Amino acid sequence: MTRERTGGGQGLARGALRPMNVLAIAVAAISPTTSVFLVFGAGIATAGTGVVAAFAIGAVIAIAMALCYAEVGSLFPSAGGAYTIVRRALGPIGGGVVNVLFLVLGVVVTASILVAAATYLQSLAPALPVNWTAFAMMAIITLLSLDRISPTSWMTAAMLVLELAVITVFAIAAFAHPALPGRLLVHPVVPIGSKGVLGTVGLSAVLIAVVPALFAYNGYDWPLYFAEETTDRRALPRAVLLAVGISVLFELAAVVAATLAIHGLAHTAQSASPLSLIADRVMGPTGAKILLVGVIIAMFDTGLAGNLAYARIYYASGRDEMWPLAALNRFFAHVSPRTKVPTWGFLVLFVGNGILAIFTSLNNLITFTGVIIVTIYLLVAVSALVARVRERRSSGVFRMPLWPVPAVVAIGGVVLALSQQSKGDLIITAVIVVVGVVVTLARRGASTLGGAPVADLPMPEDHA
């Protein structure tokens with residue numbers, strides 16, 4: 001195959017990562033501990049004990065999506081991951097939309113996670129200001145990201161082992177101290193008003209909570225963003241499926257355990273940190289503090305893993321000349337000759353997340369970012385259908401079983417979940433989609449005016 005054009009002739013570090021390193025980065029990006037502590041409160045506030053059903057439905061969609069990612073990711077291996085998948089399957093406009101969606105995600109998600117981490121840290125050390133602590137964390141993450149990917153990946157793996165131990169201990173402690181009857185998981189209830197009255201949860205409330213659940217599972221596609229730096233691309237589909245399996249196992253167990261351990265559903269649902277209340281009850285004050293230390297480390301690890309991938313998406317978009325200005329393409333496609341990492345992509349992430357870390361309040365962005373993520377899922381699932389038909393003669397490394405059932409399940413689940421989200425989140429996401437279309441059309445116009453016809457560029461040479 002012909003190599004794609006790259007900024008300054010520099011490319012990413014080929015063969016720098018083993019499949020195990022890539023898997024560790026993916027699971028760290030998902031971060032079962034971070035995900036549950038970020039999303040559980042929003043879930044029980046919306047769906048009460050139906051949060052378990054929401055996570056179960058989300059698990060089915062996530063597994064179906066992982067199968068889609070594994071197939072088309074093996075067919076189109078690139079640092080662009082989902083962006084490249086959609087661009088190759090649905091064309092430049094679809095790829096441009098995903099590109100802009102990722103640009104927004106990259107400068108929002110890490111900031112919200114780090115503000116949450118700093119908030120938990122302040123509960124242990126009240127003298128630390130939340131927003132400036134989050135900014136300092138972002139600065140450290142940026143410095144680590146600018147180093148060579150191999151040592152950074154090992155650091156990510158070490159923190160991952162610690163956080164999986166933390167979420168396991170919490171789940172065991174919560175299972176050992178049940179307070180709610182198990183029937184409330186099958187027949188969910190939600191507190192109504194401030195007097196603790198419980199009402200039956202409808203399907204629409206559960207579906208609203210599915211998007212935050214999908215946000216919690218998100219990250220299993222992260223192996224694809226390191227396709228050009230791994231020693232064996234054939235292992236990437238397996239890494240995607242292992243990552244989603246690990247996240248579903250740990251997160252669903254923790255959510256079930258935490259829900260059963262709730263003592264006073266109304267009070268817990270109104271708490272800014274419901275899992276801290278539950279941890280204090282089932283583990284005691286000292287155990288809860290130790291747990292919070294693990295949660296803070298997990299959130300930092302999630303921010304680091306996310307940062308590593310988002311910069312590579314920006315790199316791929318610059319290399320593919322997806323931006324209307326040549327200077328922007330060169331900016332994003334620049335790779336450090338020494339460390340072989342996309343330097344300026346990390347600068348964009350630092351500036352965007354740094355500003356939000358200073359000025360944003362704790363996590364009002366979960367549903368909004370969840371809607372963006374689910375919109376990307378929809379485009380990837382459609383791509384899985386289109387690519388199988390269009391590329392039927394190509395032999396990808398992985399082919400999903402029972403095709404097209406997983407893709408259809410993913411599309412149906414995503415559309416149903418999106419139909420229940422707030423109009424505000426849907427409108428903002430729609431505006432971002434329109435911006436993606438405009439940017440792509442502007443890029444095509446600029447290329448035409450420059451005398452070079454716009455064509456879908458070939459994939460990077462396969463060194464596997």
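The values are calculated or read from the model by the stated rules, or taken from the named source; none is laboratory data. Model, not experiment: these values are computed from the prediction. As a convention, Cβ positions derive from the backbone with ideal geometry for all residues, glycine included, and neighbour counts pool all protein chains shown.
Would segment 171-180 turn up any residue that is under 23 Å from the mean Cα position of the chain (by Cα) and at pLDDT 90 or above? Outline the logic, then answer.
Keep residues of segment 171-180 that are under 23 Å from the mean Cα position of the chain (by Cα), which gives 171.
Filter once more, keeping what is at pLDDT 90 or above: 171.
Yes, some residue in segment 171-180 is under 23 Å from the mean Cα position of the chain (by Cα) and at pLDDT 90 or above.
Return the residues of segment 411-425 that are polar (S, T, N, Q) and surrounded by fewer than 15 Cβ atoms within 10 Å (Cβ to Cβ); say none if nothing qualifies. Before you say what the answer is, go through the steps one by one.
First, the residues of segment 411-425 that are polar (S, T, N, Q): 419-422.
Across segment 411-425, the qualifying residues are Ser419, Ser422.
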*asked:* Checking Val98 against (1) at pLDDT 90 or above; (2) within 19 Å of Gly41 (Cβ to Cβ), only one condition comes out false. Which one?
replied: (2)
*Please go through segment 153-171 and pick out each residue that is of a type outside the set (A, V, I, L, M) and crowded, with 22+ Cβ neighbours inside 10 Å.*
Ser153, Thr156, Glu163, Phe170
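Can you confirm whether Ala54 is buried (at least 24 other Cβ atoms within 10 Å of the Cβ), among the aliphatic types (A, V, I, L, M) and within 18 Å of Phe226 (Cα to Cα)? Outline the logic, then answer.
Values: buried (at least 24 other Cβ atoms within 10 Å of the Cβ): yes; among the aliphatic types (A, V, I, L, M): yes; within 18 Å of Phe226 (Cα to Cα): no.
Taking the combined requirement at face value, the residue does not satisfy it.
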_Return the pair list, or none, for Cβ contacts closer than 8 Å from residues in segment 273-299 that are without any contact (Cβ under 8 Å) to a residue 60 or more places away in the chain to residues that are of a type in the set (Val, Ile, Thr) and in a helix (DSSP H, G or I), at least 6 apart or on different chains._
Leu277/Thr268
_Contact list please: Cβ distance under 8 Å, first residue in segment 68-90 and at positive phi and without any contact (Cβ under 8 Å) to a residue 60 or more places away in the chain, second residue in a helix (DSSP H, G or I) and surrounded by fewer than 24 Cβ atoms within 10 Å (Cβ to Cβ), pairs at least six apart or on different chains._
none
*Mind listing whichever residues of segment 72-90 are outside any helix (DSSP H, G or I) and within 19 Å of the chain's Cα centre (by Cα)?*
Pro77, Ser78, Ala79, Gly80, Gly81
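Out of Ile61, Ile57, Ile93, Ile30, report the one residue that is over 24 Å from Pro188 (Cα atoms), of a type outside the set (Gly, Ala, Ser) and within 21 Å of the chain's Cα centre (by Cα).
Details: Ile61 fails: over 24 Å from Pro188 (Cα atoms); Ile57 fails: over 24 Å from Pro188 (Cα atoms); Ile93 fails: within 21 Å of the chain's Cα centre (by Cα).
Only one candidate passes the filter, namely Ile30.
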*Test Ala269 against the stated conditions and say whether it is surrounded by fewer than 24 Cβ atoms within 10 Å (Cβ to Cβ) and either assigned to a helix (DSSP H, G or I) or at pLDDT below 90 (or both).*
yes
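Condition first: closer than 20 Å to Leu242 by Cβ and of a type in the set (A, V, I, L, M). Now tell me which residues in segment 62-105 satisfy that.
Just the residues of segment 62-105 that are closer than 20 Å to Leu242 by Cβ, to begin with: 62-75, 77, 81-82, 85.
Correct list: Ala62, Ile63, Ala64, Met65, Ala66, Leu67, Ala70, Val72, Leu75, Ala82, Ile85.
Got a sec? Which of Met322, Met299 is within 23 Å of the chain's Cα centre (by Cα), surrounded by 24 or more Cβ atoms within 10 Å (Cβ to Cβ) and over 23 Å from Met138 (Cβ atoms)? Talk me through it step by step, then tell me what you get.
Numbers: Met299 fails: over 23 Å from Met138 (Cβ atoms).
Only one candidate qualifies: Met322.
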_modelled with pLDDT of 95 or more, surrounded by fewer than 18 Cβ atoms within 10 Å (Cβ to Cβ), farther than 17 Å from Val72 by Cα and not hydroxyl-bearing (Ser, Thr, Tyr): is that true of Val408 in this structure?_
no
*Take segment 207-227 and flag every residue that is assigned to a loop (DSSP other than H, G, I, E, B) and of a type outside the set (Asp, Glu).*
Asn218, Gly219, Tyr220, Ala227
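Grab the helices (runs of 4 or more DSSP H) fully contained in segment 91-197, keeping just those with 1 or more residues being under 29 Å from Leu304 (Cα atoms).
Values: elements: 92-106, 109-124, 130-145, 149-175, 183-186.
Ranges flagged: 92-106, 109-124, 130-145, 149-175.
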_Considering only segment 11-23, I want to know if a residue exists there that is over 30 Å from Val256 (Cα atoms), touching a helix residue (DSSP H, G or I) at 6+ places or on another chain (Cβ under 7 Å) and of a type in the set (D, E, K, R)._
no
_Residue among Gly94, Gly106, Gly81 that is in contact with a Lys or Arg (Cβ under 7 Å, 6 or more places away or on another chain) and under 25 Å from Gly352 (Cβ atoms)_ = Gly94
